[in-house]
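Notes for the one structure printed next.
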Amino acid sequence: MIEKEKLMLRDDALQNEVIIITGGGTGLGRSMAEGFSHLGAKVSIWGRRLDVLQKTAEEISTLTGKEVLAVACDVRNTDEIDSALAEVIKTFGTVTGLVNNAAGNFISPTERLSPRAFDIVLDIVLKGGKNCILAIGKYWIKEKIKGNVLSITTTYASTGSGYVVPSAAAKAGMLAITRSLAVEWAKYSIRFNTISPGPFPTKGAWDRLFPEAIAKRFDFTKKIPLGRVGNHHELANLASYIMSDYSSFMTGEELIIDGGEWLKGAGEFNFLDIIKPEEWDELEKIVRKAKS
Ligand code: HXC
Ligand code: NAP
């Protein structure tokens, strides 16, 4: 649950927005839905499990007093997207924003993956994202609506990562679509941005990417300079800004929110964090000797 007092924008910042969030029934999608709804948006959450979506929609509506529409939609299926979009337009009159958040992912050595296992992730993340953008984008172009697309990627969309290769490929593809259409569809006043989160605890991600057997052996908060994982309101605030008019001159961006994690991995000498402050006196002497 998002604490309303931790939201940074004005209560009415999203009051003119109708936002579809794929994968909005759980995890980060749910938190963004809650944040947007608190700020006045009409929200429709999409996913495969209608019971999960309906429960989430009811809980958010109770908290915010705003209508939240739950629609069963597998983003791999273009017919389901067309009818889900029609249902949102029938209910709310229009659509102004899309958050591509639905995902499938799990850790595995790549040589253990069957072709189908690789495809399942590409199909949900890359092709599912593309399917939603095409359907909703064409509607916006036809109706001359200033659309706004936010895709949730990850920091390894840019760097790549072993053991989640299908996800890395799919998220990199979403980043390429974002940067490409930000330019091509700017003439229709449609914006495209991505947010790349570092670790934000959710059941979906933790069960598949950081199971207990791994968490016991590896404390990944040590990889994060700020020394902690993300809080859902921190992501909801950034996403709300992107989905609001306050960010109206921003398009084609990847916004990274990871406590400095990927930079720590990238910087050649960041490993020197292991040196204790008192050890630096001795080390400095050794390094200064290099002159002689
Ligand atoms: C190897 C696996 C596997 C595993 C599934 N498969 N799990 N292969 N190792 N651990 C294979 C199966 O054997 C099958 O291939 C194929 O993948 C499809 O599996 P199904 O179980 O039939 O698919 P399905 O029921 O549709 O489930 C899809 C899913 C599942 C992606 C596998 O995990 C899911 O529903 N995920 C949705 C939510 C999710 O993933 N959330 C996490 C996002 S977090 P064969 O060939 O045997 O038929 C995230 C964070 C990133 O992205 C960054 C964190 C910092
Ligand atoms: P999550 O709770 O498992 O969310 C994934 C959602 O996608 C679920 O609600 C799922 O609902 C939906 N989904 C899966 N396949 C779908 C399909 N074919 N059609 C429609 N919906 C589908 O995990 P999360 O951690 O919140 O992840 C949300 C997003 O954040 C993902 O894009 C993920 O890659 C990204 N991310 C997360 C983290 C993190 O640390 N949590 C970090 C970086 C990026 P159904 O199963 O009901 O369909």
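All of the numbers you see were taken from the coordinates with simple rules; none came from a lab. Note that the structure is a prediction, hence the values are computed from the model and not measured. Here the Cβ positions follow ideal geometry from the backbone for every residue, glycine too, while neighbour counts run over all protein chains shown.
Okay, here's what the table says:
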| quantity | calculated |
| --- | --- |
| For the chain, size of Cβ-based charge dipole, Lys and Arg +1, Asp and Glu -1, in debye | 520 |
| Selected from Val164, Met174, Thr56, residue furthest toward positive end of dipole (the stretch 56-187; charges at beta carbon) | Met174 |
| Local electrostatic count, Ala72, Cβ distance below 14 Å [Lys/Arg +1, Asp/Glu -1] | -2 |
| Contour excess over end-to-end distance, with Cα ends at Ser83 and Tyr188 and 0.36 nm allotted per residue | 35.4 nm |
| Peptides ranked, highest mean first, by Cβ atoms within 10 Å: ranges 134-144, 107-117 | 134-144, 107-117 |
| Computed label-point distance, nm, for sites Lys216 and Ser248 using a 7 Å Cα→Cβ extension | 5.5 |
| In degrees, nearest ten, helix 279-288 long axis to first principal axis of the chain (Cα) | 70 |
| Residue of Lys171, Lys223, Lys90 that the Gaussian network model of the chain assigns the largest fluctuation, springs spanning Cα pairs under 10 Å | Lys90 |
| For the stretch 69-205, size of Cβ-based charge dipole, Lys and Arg +1, Asp and Glu -1, in debye | 380 |
| Simple label model, 7 Å out from Cα along Cβ direction - Lys291 to Asp12, nm | 6.6 |
| Likely footprinting exposure, Val229, Val287, Val121, Val149, fewest C-beta neighbours within 10 Å first | Val287, Val229, Val121, Val149 |
| Distance between the stretch 126-165 and the stretch 219-292 - C-alpha centres, whole angstrom | 26 |
| Formal net charge of residues neighbouring Thr178 (Cβ-Cβ distance under 9 Å; K, R +1; D, E -1) | -1 |
| Over the chain: helical MRE at 222 nm, DSSP H runs n ≥ 4 each giving -39500 (n - 2.57), nearest 500 | -13500 deg cm²/dmol |
| Options Ser247, Pro277, Leu263, ranked by Cα towards positive dipole end of the stretch 237-292, top entry (Cβ charges) | Pro277 |
